[in-house]
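Let me begin by presenting the structure, written as structure tokens, before commenting on it.
The values are calculated or read from the model by the stated rules, or taken from the named source; none is laboratory data. This structure is a prediction, so every number in the text was calculated from the model and none was measured. Here the Cβ is made from the backbone with ideal geometry for all residues, glycine too, and neighbour counts use every protein chain on show.
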Amino acid sequence: MPEPTQPLPYLIIDFDSTFTQVEGLDELADIALEGHSDREKVVAEIRALTDRGMSGELKFSESLKQRLALLPAYRRHLGPLVARLKGKVSESIVRNRAFFEQFPGRVYIVSSGFREFIEPVVAEFGIGPDFVLANTFTFDAEGRITGFDPENVLSRDGGKIEQLRRLDLSGDVYVLGDGYTDYQIREAGLANRFYAFTENVTRDAVVARADEVLPTFDEFLYQNKLPMTLSYPKNRIKVLLLENPDARAAELFRQEGYQVDTVPGGLDEDELVQQIEGVSILGIRSKTQVTPRVLEAANRLIAVGAFCIGTNQIDLTGCMQKGVAVFNAPFSNTRSVVELALGEIIMLARRIPEKSAKMHDGEWDKSAKGSFEIRGKKLGIIGYGNIGSQLSVVAEAIGMQVLYYDVAEKLQLGNATKCRTLPELLQQADIVTLHVDGRAANINLIGAAELALMKPGALLLNNSRGHIVDVPALAAVLRSGHLGGAAVDVFPYEPKTNQESFESELRGLPNVLLTPHIGGSTAEAQRNIAEFVPERIMQYVNSGNTQQSVNFPNIQLPEQQAHRLIHIHHNVPGVLARINNVLAERHVNILGQYLKTNEHIGYVITDIDKEYEPEVIGELKQVEHTIKFRVLY
């Protein structure tokens with residue numbers, strides 16, 4: 001980022017809970033009281049006094065006196081405190097260390113804390129002793145902290161105001177802090193703006209009086225067009241999560257610094273159109289449809305995460321053409337679906353659904369009629385992908401003979417036998433299980449004709465997509481007795497929430513297992529999905545890495561060398577040449593370049609030296625056929 005054209009304002013930054021994540025005296029109490037029986041009680045009292053003083057509820061001088069009176073600390077405790085505080089510097093401050101080093105003399109640490117532990121911490125950021133204004137401890141002959149220097153102006157009520165008057169800074173002054181005493185500098189007219197820093201703690205009384213609220217130091221730098229380490233403040237990236245993915249997903253996005261909103265159920269098209277404006281990352285499961293109309297309303301969308309395997313609910317081509325990368329979780333729930341299918345096979349083979357229902361009605365039907373072992377039976381797997389192939393291995397391990405059919409060439413595992421056609425499999429299998437994707441060609445893949453080919457008494461499982469099976473036709477062959485049973489986890493229409501009623505022709509039929517799309521609904525699968533999808537998306541946002549995207553050219557990028565230019569464009573000839581012409585004309589050195597295309601888009605990554613004219617970015621955005629462009633640094 002180019003340097004600011006206007007002089008940098010003087011920055012007055014608080015130390016406790018702003019420059020660092022914690023309050024120094026609270027941490028000193030924790031260290032000094034190590035091993036004491038009343039440690040937790042005393043530390044809690046000191047923290048409560050800190051909060052009362054910072055929020056303006058208690059006079060600062062009184063808060064300080066009471067805290068020090070409770071503090072049994074010695075000079076020897078200061079070394080461990082400094083070491084702890086160096087590891088507790090606010091993440092966004094650490095991230096922008098170069099900013100402080102670049103502008104010596106423009107940043108003051110003005111704190112009601114103590115120089116003895118502040119000075120060595122901020123020194124590592126290029127802030128010298130002359131720019132640290134803080135209290136000082138007093139000690140007795142044994143080195144015990146007895147109090148503070150009362151002559152130091154910062155020990156008094158209104159001390160920060162008086163300290164700023166004495167500094168008599170010429171030019172704009174901005175104050176960044178989390179406490180009421182920081183706001184008072186602005187209230188006294190000694191600062192142009194007060195920024196409430198909320199990365200570590202939020203005090204409502206302080207936030208209410210702020211000119212701006214800063215979730216991170218990145219946001220301050222971005223607002224004021226100052227050099228920053230990130231290309232864009234992460235707190236400005238808004239995530240919308242629908243349909244209750246595991247809480248770990250929201251946790252990971254929040255840890256990254258993103259704004260996260262959640263909606264418990266799915267949204268229909270009109271509802272999503274209303275909510276998608278300003279959203280950068282959309283997370284869905286299987287119920288929500290990402291349609292062309294939704295994409296048209298999505299003014300800031302850069303990525304969609306499908307917290308499931310399927311992506312047929314997403315307009316993948318439309319996303320591509322809008323420069324929106326889509327990621328899913330192709331492997332995360334594989335084992336869960338396999339185990340469900342195996343359990344269903346055994347339950348249906350033993351006619352458990354109807355026997356269980358009879359027992360609940362008080363009927364004792366002890367009979368082997370229609371029940372069989374699955375050992376030695378032929379399992380026909382339609383779709384030999386991640387789930388189908390793993391089911392193949394597990395089924396063979398318990399003694400089943402495995403047949404499989406797939407439109408793509410797949411290497412069989414174990415002793416599985418490949419069928420050349422779908423009818424060939426249907427005519428031989430005792431149990432047929434579906435594990436295909438949701439492409440249009442698979443609609444009603446199993447209809448009346450296919451069901452008629454199946455062996456009398458055979459079982460059918462559908463744990464893939466609802467529209468793969470003609471449900472009325474399936475209900476008919478179950479009623480007629482041609483099929484011995486079925487297990488269905490997915491349906492052509494599924495309720496959007498748990499409160500909506502489920503309707504199906506399959507309800508009430510004997511030896512039919514109906515489950516509410518729970519193939520991947522295990523704690524393990526949901527946790528895996530909730531970690532896999534956010535990690536892929538954050539890799540894309542942070543580095544441009546598109547590995548395992550379902551609609552973008554897949555590029556596994558090396559570590560970023562300097563500034564990285566991300567360019568998404570329509571796949572037409574000459575775009576890369578135009579990009580490189582712009583860079584050549586501006587004498588920009590290319591450190592590395594990576595290009596991949598598909599039938600719709602080209603995705604080119606260019607790493608360049610940090611030194612370049614700002615006009616380069618504008619010219620690259622204007623390259624003909626550009627869809628989206630961004631810079632990472």
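Could you please let me know if Arg186 is modelled with pLDDT of 95 or more, surrounded by fewer than 17 Cβ atoms within 10 Å (Cβ to Cβ) and outside any strand (DSSP E or B)?
Working: modelled with pLDDT of 95 or more: yes; surrounded by fewer than 17 Cβ atoms within 10 Å (Cβ to Cβ): no; outside any strand (DSSP E or B): yes.
So Arg186 does not fit the description; no.
Evaluate the following for Gly56: is it assigned by TED's automatic domain parsing to the domain that holds Arg39 and over 19 Å from Val22 (Cα atoms)?
no
Tell me which residues, restricted to the stretch 485-521, are in a strand (DSSP E or B) and more than 17 Å from Ile431 (Cβ to Cβ).
Across the stretch 485-521, the qualifying residue is only Leu514.
As an exercise: evaluate Ala298 against (1) closer than 23 Å to Arg536 by Cβ; (2) small (Gly, Ala, Ser); (3) in contact with a helix residue (DSSP H, G or I) (Cβ under 8 Å, 6 or more places away or on another chain) and give the number of the one condition it does not meet.
(3)
What is the one condition in (1) out of contact with any His (no Cβ under 8 Å at 6 or more places or on another chain); (2) under 24 Å from Gly602 (Cα atoms); (3) in a helix (DSSP H, G or I); (4) of a type outside the set (S, T, N, Q) that Lys355 does not satisfy?
Here Lys355 clears every test but (2).
Can you find a residue in the stretch 504-527 that is in contact with a Cys (Cβ under 7 Å, 6 or more places away or on another chain), of a type outside the set (D, E, K, R), surrounded by 17 or more Cβ atoms within 10 Å (Cβ to Cβ) and touching a residue at least 12 places away in the same chain (Cβ under 8 Å)?
Looking for residues that are in contact with a Cys (Cβ under 7 Å, 6 or more places away or on another chain), of a type outside the set (D, E, K, R), surrounded by 17 or more Cβ atoms within 10 Å (Cβ to Cβ) and touching a residue at least 12 places away in the same chain (Cβ under 8 Å), one finds at least one in the stretch 504-527, hence yes.
Assigned to a strand (DSSP E or B), in contact with a Lys or Arg (Cβ under 7 Å, 6 or more places away or on another chain) and of a type outside the set (Val, Ile, Thr) - does that describe any residue in the stretch 150-165?
no
Based on what the data block shows, is Arg47 assigned by TED's automatic domain parsing to the domain that holds Val207 and surrounded by 14 or more Cβ atoms within 10 Å (Cβ to Cβ)?
Considered against the rule, which asks whether it is assigned by TED's automatic domain parsing to the domain that holds Val207 and surrounded by 14 or more Cβ atoms within 10 Å (Cβ to Cβ), Arg47 comes out as yes.
Given the conditions (1) modelled with pLDDT under 95; (2) closer than 26 Å to Leu242 by Cβ; (3) of a type outside the set (Asp, Glu), report the number of the one that Val533 does not fulfil.
Val533 satisfies every listed condition except (1).
Scan the stretch 580-612 for residues that are in contact (Cβ under 8 Å) with a residue 40 or more places away in the chain and either within 25 Å of Val550 (Cβ to Cβ) or exposed (fewer than 14 other Cβ atoms within 10 Å of the Cβ) (or both) and jot them down.
Lys596, Thr597, Asn598, His600, Ile601, Gly602, Tyr603, Ile605, Thr606, Asp609, Lys610
Condition first: under 18 Å from Ile537 (Cα atoms), touching a Ser or Thr at 6+ places or on another chain (Cβ under 9 Å) and touching a residue at least 40 places away in the same chain (Cβ under 8 Å). Now tell me which residues in the stretch 250-282 satisfy that.
Gly257, Leu282
Could you tell me which residue of the stretch 424-455 is nearest to the chain's Cα centre (by Cα), considering only residues that are more than 26 Å from Thr334 (Cβ to Cβ) and of a type in the set (Gly, Ala, Ser)?
Per the stated criteria, the residue is Gly447.
Condition first: crowded, with 24+ Cβ neighbours inside 10 Å and over 18 Å from Ile237 (Cβ atoms). Now tell me which residues in the stretch 295-306 satisfy that.
Ala306
Can you pull out every residue in the stretch 420-454 that is assigned to a loop (DSSP other than H, G, I, E, B) and touching a strand residue (DSSP E or B) at 6+ places or on another chain (Cβ under 9 Å)?
Arg420, Thr421, Ala429, Asp430, His435, Val436, Asn444, Leu445, Gly447, Met454
Among (1) part of a loop (DSSP other than H, G, I, E, B); (2) more than 38 Å from the chain's Cα centre (by Cα), which single condition is Ala329 missing?
(2)
If I filter the stretch 613-623 for residues that are assigned to a strand (DSSP E or B) and either at pLDDT below 95 or surrounded by 15 or more Cβ atoms within 10 Å (Cβ to Cβ) (or both), do I get at least one hit?
Step one: list which residues in the stretch 613-623 are assigned to a strand (DSSP E or B), which gives none.
No: zero hits.
Looking at (1) part of a helix (DSSP H, G or I); (2) of a type in the set (A, V, I, L, M); (3) loosely packed, with under 15 Cβ neighbours inside 10 Å, find the lone condition where Val337 falls short.
So Val337 meets the others, but not (3).
Taking Val273, is it assigned by TED's automatic domain parsing to the domain that holds Gly544, closer than 18 Å to Ile302 by Cα, modelled with pLDDT of 95 or more and surrounded by fewer than 21 Cβ atoms within 10 Å (Cβ to Cβ)?
Working: assigned by TED's automatic domain parsing to the domain that holds Gly544: yes; closer than 18 Å to Ile302 by Cα: yes; modelled with pLDDT of 95 or more: yes; surrounded by fewer than 21 Cβ atoms within 10 Å (Cβ to Cβ): yes.
Yes, satisfied.
Can you tell me which residues in the stretch 461-489 are free of Cβ contacts under 8 Å to residues at least 60 places away in the same chain, of a type outside the set (Gly, Ala, Ser) and within 21 Å of Ser286 (Cβ to Cβ)?
Asn462, His467, Ile468, Val469, Asp470, Val471, Leu474, Val488
Just to be sure, is Val604 outside any strand (DSSP E or B) and outside the structural domain of Ile314 (by TED's automatic domain parsing)? Talk me through it step by step, then tell me what you get.
On the way: outside any strand (DSSP E or B): no; outside the structural domain of Ile314 (by TED's automatic domain parsing): yes.
Criteria not met by Val604.
So, Val407, is that one touching a Ser or Thr at 6+ places or on another chain (Cβ under 8 Å) and in a loop (DSSP other than H, G, I, E, B) or not?
no
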